[in-house]
1. Given the criterion outside the structural domain of Val456 (by TED's automatic domain parsing), of a type in the set (Gly, Ala, Ser) and buried (at least 16 other Cβ atoms within 10 Å of the Cβ), identify the matching residue among Ser531, Ser546.
2. State all residues of region 34-66 that are over 41 Å from the mean Cα position of the chain (by Cα), among the hydroxyl-bearing types (Ser, Thr, Tyr) and in a loop (DSSP other than H, G, I, E, B); if no residue qualifies, say none.
3. Only residues that are surrounded by fewer than 12 Cβ atoms within 10 Å (Cβ to Cβ) and either among the polar types (S, T, N, Q) or not assigned by TED's automatic domain parsing to the domain that holds Gly516 (or both): list them for region 560-584, please.
4. Quick one: which of Ala529, Ala503 is over 30 Å from Gly389 (Cβ atoms), of a type in the set (Gly, Ala, Ser) and modelled with pLDDT under 95?
5. Filter region 369-397 down to the residues that are surrounded by fewer than 18 Cβ atoms within 10 Å (Cβ to Cβ) and of a type outside the set (Gly, Ala, Ser), then identify the one that is farthest from Cys434 (Cα to Cα).
6. Are there any strands (runs of 3 or more DSSP E) wholly within region 366-484 with 2 or more residues that are under 30 Å from Met242 (Cβ atoms) and either in the same structural domain as Asn340 (by TED's automatic domain parsing) or touching a residue at least 40 places away in the same chain (Cβ under 8 Å) (or both), and if so which?
7. Enumerate the strands (runs of 3 or more DSSP E) found wholly within region 94-142, keeping only those where 1 or more residues are within 14 Å of Ala173 (Cα to Cα) and without any contact (Cβ under 8 Å) to a residue 60 or more places away in the chain.
Amino acid sequence: MKRTIHFLWIIAILAALASLAPVPIALAADQVVNNCSNDSELRTDLTTMQNGGGGMLTFNCGTVTITLGSQLPEIKTNTTIDGGGKITLSGLSAVRLFNVSIVGSLRLNNIVLERGYNGGGDGGAIYSTGNLTLTDTTIQNSYAARGGAIYTTRQLDITNSTLAHNIAQNGGAIYVDALNAELTINDSKFDDNSAASTGSAGAIYILGALSITDSEFVNNNAGSGGAILAAGLAATTTASIMSSTFHDNKATGAFPIGNGGAVLVDNLATTISDSILRDNVGQSGGAIYVLPQGSLSVMNSTVKDNQSTNGGGIYNRGGAVLSNVTVSGNSAFHGGGINNFGTLTLSNVTLSGNSGTYGGGLKNEGAGSAALTNVTLSNNSGAGDSGGGIFHSGANAQLYLRNVIAANSPTGGNCDFNKAPNTVSFSLSSDATCNFGAGRDNVAMLLGPLANNGGVTQTHLPQLGSPAIDNGTAANAPATDQRGIARPQSVAFDVGAVEVACAKPAKPTLVSPENGKKAQGPAVALDWADSFCAESYKVKIKLGSSAGSIAQKKGGLTASEFTTKPLTKGQTYAWQVTAVNAVGKTKSEWRTFIVK
């Protein structure tokens with residue numbers, strides 16, 4: 001009997017404990033919206049999901065636009081909305097679409113959000129203090145005071161998406177308003193977003209961390225920071241831009257704003273790599289403006305064809321480091337390529353074809369400190385004698401030149417130094433304006449045109465016989481050139497951004513006589529283009545065709561031309577040129593001509 005009582009007592013205790021155990025929360029089933037004629041079912045399903053633990057919402061409506069009468073229910077769970085590439089949600093320029101709470105997480109896939117509106121507040125389409133992810137999503141034609149498309153204080157990830165035609169006072173597309181926030185963008189496009197003429201950041205205003213990869217920013221505009229204003233409030237916050245393109249962005253504000261046609265760097269340590277910034281316009285810094293507290297590093301990138309009043313490509317008042325970069329075709333009144341008031345370091349950099357009234361390539365002034373190592377300045381233009389290549393002025397300005405080429409300035413001379421540089425070690429000038437010293441001024445530089453000579457940026461390749469070859473110093477010089485070629489390639493380091501690396505000569509290109517055409521005889525003038533790295537040439541002439549017997553041959557030619565001994569009129573001859581150097585030899589194709 002006692003055993004039975006004890007057994008019943010144990011069962012009672014277990015039952016009581018079971019009644020106190022937490023009841024598992026049932027997750028709402030994934031929802032499917034079947035009626036898209038209005039927003040009623042969408043609201044009902046979202047409410048069910050928020051009350052039930054979140055889930056996936058999809059649509060079974062075909063291709064349709066759903067107009068919202070008011071903001072959708074607050075997202076406070078882990079919620080995914082997939083439009084299947086067929087659904088557009090519209091705020092009809094009257095309401096904001098989404099609010100993501102601090103405990104919520106929203107994923108938007110394959111959907112379009114348009115015409116969101118929050119005129120006096122933040123986030124035209126989305127306001128988020130939670131986590132937000134966009135994949136294959138478009139947000140367009142939305143408006144707010146801050147963040148025309150999105151305002152966020154937390155994590156925001158954007159992949160393969162487009163933000164276009166959004167407007168705000170600040171942050172035309174996105175406003176990131178917290179130091180601990182993180183914005184990550186991959187394979188996406190920001191097109192024609194804008195902030196007010198007195199506002200900032202046509203596409204993105206960011207206080208937190210930023211990472212951009214393989215993306216495009218085009219036609220964005222603002223009072224300052226045409227595409228991006230990297231503001232930050234802490235020196236440890238960073239922005240990284242990789243393999244991306246910025247073009248046709250504008251900073252349109254009147255002086256003293258209107259700075260940074262593409263990017264304005266404030267207090268965010270910003271790195272730009274493997275990217276192109278072209279055809280941007282700003283008051284100061286056609287492509288990039290760096291404020292005194294800003295830090296910029298540019299690597300393996302091209303800054304070209306930008307315009308401004310000060311610093312056509314880059315205007316620097318903070319700290320800027322450029323390595324393996326080409327700055328070309330930019331224009332400004334002060335510093336066509338770069339205008340520097342801060343601390344500037346250039347290594348393996350080409351400044352080519354820039355123009356400025358004062359300093360076509362570089363203007364270093366005020367208390368600016370510029371250190372140039374293995375830099376090539378070529379074909380930059382200035383007004384009068386104001387330094388087509390470099391203009392250096394200011395009682396406190398510092399200029400350090402090492403292994404620098406200053407060459408071929410169409411106007412303004414290569415250098416205008418109102419104050420002598422601190423150092424000019426192993427540098428060369430094609431005219432007498434730089435005062436580099438005996439044997440280093442007034443030298444024919446023999447540079448090739450700006451071209452793709454390997455690597456990811458265009459360069460000027462010194463031609464065979466250029467004084468830049470083996471005429472530099474190894475002291476504090478970079479271990480590779482702008483293209484990634486190891487230094488040195490011969491007995492000494494080369495001067496400028498490019499280290500000449502000669503293997504076998506390039507294949508000779510025959511110029512005249514034209515193939516199969518008649519040539520004036522009896523002695524016929526043969527001409528071919530110079531082959532890079534060729535030390536000499538050998539010409540072979542055969543009767544009839546390449547299979548015929550040898551009529552004439554000549555080796556050891558140092559010029560890329562040769563006049564034959566008298567040949568038989570009416571006879572057809574074949575000819576070939578071989579380019580030779582110490583490494584090897586390369587032959588041209590065979591061509592024929594008929595002696596007339």
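1. Details: Ser546 fails: buried (at least 16 other Cβ atoms within 10 Å of the Cβ).
Sole residue among the options that is outside the structural domain of Val456 (by TED's automatic domain parsing), of a type in the set (Gly, Ala, Ser) and buried (at least 16 other Cβ atoms within 10 Å of the Cβ): Ser531.
2. Scanning region 34-66 gives a single hit, Ser37.
3. Thr563
4. Values: Ala529 fails: over 30 Å from Gly389 (Cβ atoms).
Every option except Ala503 fails the conditions.
5. Of region 369-397, the ones surrounded by fewer than 18 Cβ atoms within 10 Å (Cβ to Cβ) are 383-385, 394-396.
Subset that is of a type outside the set (Gly, Ala, Ser): 385, 396.
Details: Asp385: 11, Asn396: 19 Å.
Ranking the qualifying residues of region 369-397, first place goes to Asn396.
6. Numbers: elements: 369-378, 390-392, 398-402, 405-407, 415-417, 423-425, 447-451, 459-462.
The qualifying strands (runs of 3 or more DSSP E) are 369-378, 398-402, 447-451, 459-462.
7. Numbers: elements: 98-100, 105-114, 117-122, 126-128, 131-140.
Filter on region 94-142 gives 105-114, 117-122, 126-128, 131-140.
For (1) buried (at least 17 other Cβ atoms within 10 Å of the Cβ); (2) out of contact with any His (no Cβ under 6 Å at 6 or more places or on another chain); (3) farther than 30 Å from Arg278 by Cα, each residue gets a yes or a no:
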site: Phe417; (1), (2), (3): yes, no, no
site: Phe426; (1), (2), (3): yes, yes, yes
site: Gly437; (1), (2), (3): no, yes, yes
site: Pro508; (1), (2), (3): yes, yes, yes
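The values are calculated or read from the model by the stated rules, or taken from the named source; none is laboratory data. Every value quoted in this text rests on a predicted model; they were computed, and no experiment measured them. Quick reminder, even Gly has a Cβ in these numbers, built from the backbone with ideal geometry, and neighbours come from all protein chains shown.
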